[in-house]
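The values are calculated or read from the model by the stated rules, or taken from the named source; none is laboratory data. If you're wondering where the values come from, they're calculated on a predicted model, not measured in any experiment. Ideal geometry is used to build each Cβ from the backbone, glycine not excepted, and the neighbour counts take in all protein chains shown. Accessible surface areas use protein heavy atoms only, side chains included; no ligands, DNA or RNA. Shrake-Rupley method; radii C 1.70, N 1.55, O 1.52, S 1.80 Å.
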Amino acid sequence: MKKNKTEENLLDKVVSLCKRRGFIFPGSEIYGGISGIYDYGPLGVELINNIKQEWRKEMFYRHENIFELDSSILMQRRVWEASGHTSAGFTDPLQECKKCHHRFRADHLSDQEKNKCPDCGGELMAPRKFNLLVETHLGPVKDESSLTYLRGETTQGIYVNYKNVKTSMSAEIPFGIGQIGKAFRNEITPGHFIYRMREFEQMEQQHFVEPAEAEKYFKYWKEERIKWYLELGIKQEKLRFRPHAKDELAHYARNAEDIEYEFPFGWHEIEGIHNRGDWDLSRHSEFSGENLSETDSKTGNKFYPYIIETSAGADRIMLVFLADAYDDSDKKRLVLKLHPKLAPYKAAVFPLLANKPELVTKAQEIFYQLKTSDYNPGPIAWDDRGNIGKRYYSQDEIGTPWCITVDFQSLENDTITIRDRDTMKQERISIKDIENFIKERLK
Ligand code: GAP
């Protein structure tokens with residue numbers, strides 16, 4: 001469906017806010033940038049860490065029997081042969097223009113565009129398969145024998161450690177292993193800001209189950225994952241499932257559904273739920289010689305556990321949270337309505353007037369009390385520039401849920417005003433209750 005101008009502009013507005021307020025910067029910017037690579041500034045680091053932490057809490061604290069792993073980015077090259085990534089399984093169809101040599105993903109071109117270059121009208125070469133793995137060499141000699149890859153997904157590190165985790169944690173099927181980490185893909189057409197990157201971060205969980213139970217767990221994880229987005233405030237009407245057609249299933253998948261979000265540039269995948277069958281453990285058994293099969297306790301038969309995978313991109317999800325929270329419908333102010341759990345700063349503290357030392361001292365006491373309290377809600381901002389209205393707006397656009405102002409009444413009765421980002425309502429509460437106020441609302 002064609003987007004209207006306002007919706008198209010939303011991405012540009014998010015990009016501009018991210019640069020201006022220190023969320024996201026183009027990679028290697030002073031050298032002219034590098035396609036598909038971004039750096040996270042101080043507020044971006046907070047936001048993405050909060051997203052990752054909510055995912056960790058969901059997977060490893062709320063669920064039982066899911067173990068966290070941090071496997072290495074570099075693995076033996078054989079891992080990628082076993083997984084199917086070095087062969088046709090991990091390729092995109094590439095078409096190149098004979099005239100301007102721009103490259104396109106054939107599956108992203110319309111039928112009309114498949115013959116003519118969308119940039120210069122030149123003739124396009126026939127599509128060829130392009131492998132997405134990023135190559136590197138380990139050791140002093142750069143030849144065929146030292147070739148390996150930066151991981152194309154975090155998943156494979158989990159499979160090669162399946163036995164290690166199962167044995168060391170005395171785990172029994174069904175159980176899960178999850179991890180957050182960097183992945184690298186030589187994308188032909190990176191784009192839409194941090195939607196399609198060449199270096200990005202994944203949050204993946206593999207659930208090892210008996211084959212007969214695979215579809216039950218597939219349904220279970222679909223529901224669990226969509227709930228996570230809703231609980232963190234994503235608008236329901238912007239989320240949907242899209243089942244994969246048989247001919248688009250990845251080489252390992254028996255069944256797959258994407259969770260899609262309606263971005264300013266259309267509906268696109270943000271997370272995949274896959275039934276990977278016994279592909280992974282059987283292939284790694286075959287290629288490594290290590291037997292990763294299990295024995296059915298009733299029949300004594302050997303089987304390879306089926307794997308239900310939930311695979312999300314932390315950066316892509318960050319774009320979802322930013323786009324969903326961006327609200328400039330009130331002409332006077334721009335508000336980033338992030339869920340308070342995700343907001344980079346949990347609160348900001350201001351003295352009403354910066355030139356009244358007694359107000360500044362009192363506000364500083366509160367600021368340091370919050371920053372160093374045992375209940376650490378997260379980073380707290382300080383601002384004493386300009387007038388109070390400007391300070392509120394400055395915090396609104398980075399999503400700070402509560403602004404605390406010390407005024408003359410604070411000096412008399414130890415109270416402050418606390419202003420809510422979304423309603424703009426102010427409440428007067430006692431200084432000793434600030435911590436509880438924040439704690440209650442962050443629950
Ligand atoms: N282990 C399965 C797997 O990697 P995928 O559909 O290729 O499946 C899973 O990727 C998720 O990783 C995607 O839904 C997306 O959120 C994220 N992702 C994949 N490629 C990405 C890229 N180039 N840039 C940012 N995120 C990406």
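Is there a pair in 52/346; 13/331; 331/390; 235/331 whose C-alpha atoms are over 19 Å apart, and which pairs would that be? Provide the component values of the computation, followed by the final result.
Values: 52/346 17 Å; 13/331 14 Å; 331/390 14 Å; 235/331 22 Å.
Pairs exceeding the cut-off: 235/331.
Normalised by the number of residues in segment 345-442, the average gap of Cα pairs under 8 Å and 6 or more apart makes the relative contact order 29 percent.
In segment 345-442, Rg over Rh equals 0.92, where Rg is the alpha-carbon radius of gyration and Rh the Kirkwood radius from pairwise Cα distances. For residue 237, project a label point 7 Å along Cα to C-beta. Then give me every residue of segment 266-299 with its amide nitrogen under 19 Å of that point. Under 19 Å, as judged by backbone N against the label point of residue 237, lie 266-268 of segment 266-299.
In this structure, the pairs whose alpha-carbon distance is over 25 Å, taken from 227/341; 129/246; 57/298; 356/432; 57/302, are 57/298; 57/302. Orientation-averaged projection of the chain equals 26.7 nm² [convex hull of Cα atoms, one quarter of hull surface area]. Each helix, a run of at least 4 DSSP H residues, gives -39500 (n - 2.57); summed and divided by the residues of the chain, these come to -9000 deg cm²/dmol at 222 nm.
Taking Cα pairs under 8 Å and at least six residues apart, what relative contact order does the chain come out at, in percent? Working shown, then result.
Values: 786 pairs, mean separation 56.0, N = 443.
Here the relative contact order equals 13 percent.
Charge dipole of the chain (Cα centre as origin; +1 on each Lys and Arg Cβ, -1 on each Asp and Glu Cβ, all else neutral): 820 debye, rounded to the nearest 20. Taking the Cα centre of segment 345-442 as origin and assigning +1 to Lys and Arg Cβ atoms and -1 to Asp and Glu Cβ atoms, the resulting dipole is close to 200 debye. Hey, what D do you get for segment 87-132 in µm²/s if you plug the Kirkwood alpha-carbon radius into Stokes-Einstein at 20 °C and 1.002 mPa s? For the chosen part, D equals 202 µm²/s. The apolar share of the surface of the chain, taken as the fraction of accessible area on carbon and sulfur atoms (1.4 Å probe, ligands and nucleic acids excluded), comes to 49 percent. Basic side chains Lys and Arg get +1 at the Cβ, acidic Asp and Glu get -1 at the Cβ, and with that the dipole of segment 1-80 about its Cα centre reaches some 260 debye. Measuring spread by the Cα atoms of segment 3-114 yields a radius of gyration and Dmax of 20.1, 57 Å. Farthest towards the positive end of the charge dipole of segment 115-215, among the residues 132, 212, 118, is the Cα of 118, using unit charges on the Cβ of Lys, Arg, Asp and Glu.
Across segment 219-356, Cα pairs under 8 Å and at least six residues apart give a relative contact order of 17 percent. Farthest toward the positive end of the dipole of the chain, out of 306, 359, 378, is the Cα of 359, where the dipole comes from beta carbon charges about the Cα centre. Springs between Cα atoms under 10 Å define the GNM used for the chain, and in it the highest mean-square fluctuation of 250, 343, 183 occurs at 250. Projecting the Cα atoms of 67, 97, 37 onto the charge dipole of segment 1-158 (Cβ charges, centred on the Cα centre) puts 97 farthest toward the positive pole.
Our note on the geometry: Cα centres of segment 196-228 and segment 34-81, 15 Å apart. Of all DSSP bridge pairs formed entirely within segment 345-442, close to 55 percent run antiparallel.
To the nearest ten degrees, helix 314-325 and the longest principal axis of the Cα atoms of the chain are 40 degrees apart. Extending 7 Å from the Cα toward the beta-carbon at both residue 354 and residue 385 defines two label points whose distance is 0.7 nm. For a Förster distance of 22 Å, can you work out the FRET efficiency between the beta-carbons of residue 295 and residue 167, rounded to the nearest 0.05? With a Förster radius of 22 Å, E is 0.90. The mean accessible area for residues of the chain, using a 1.4 Å probe and ignoring ligands and nucleic acids, is 49 Å² per residue.
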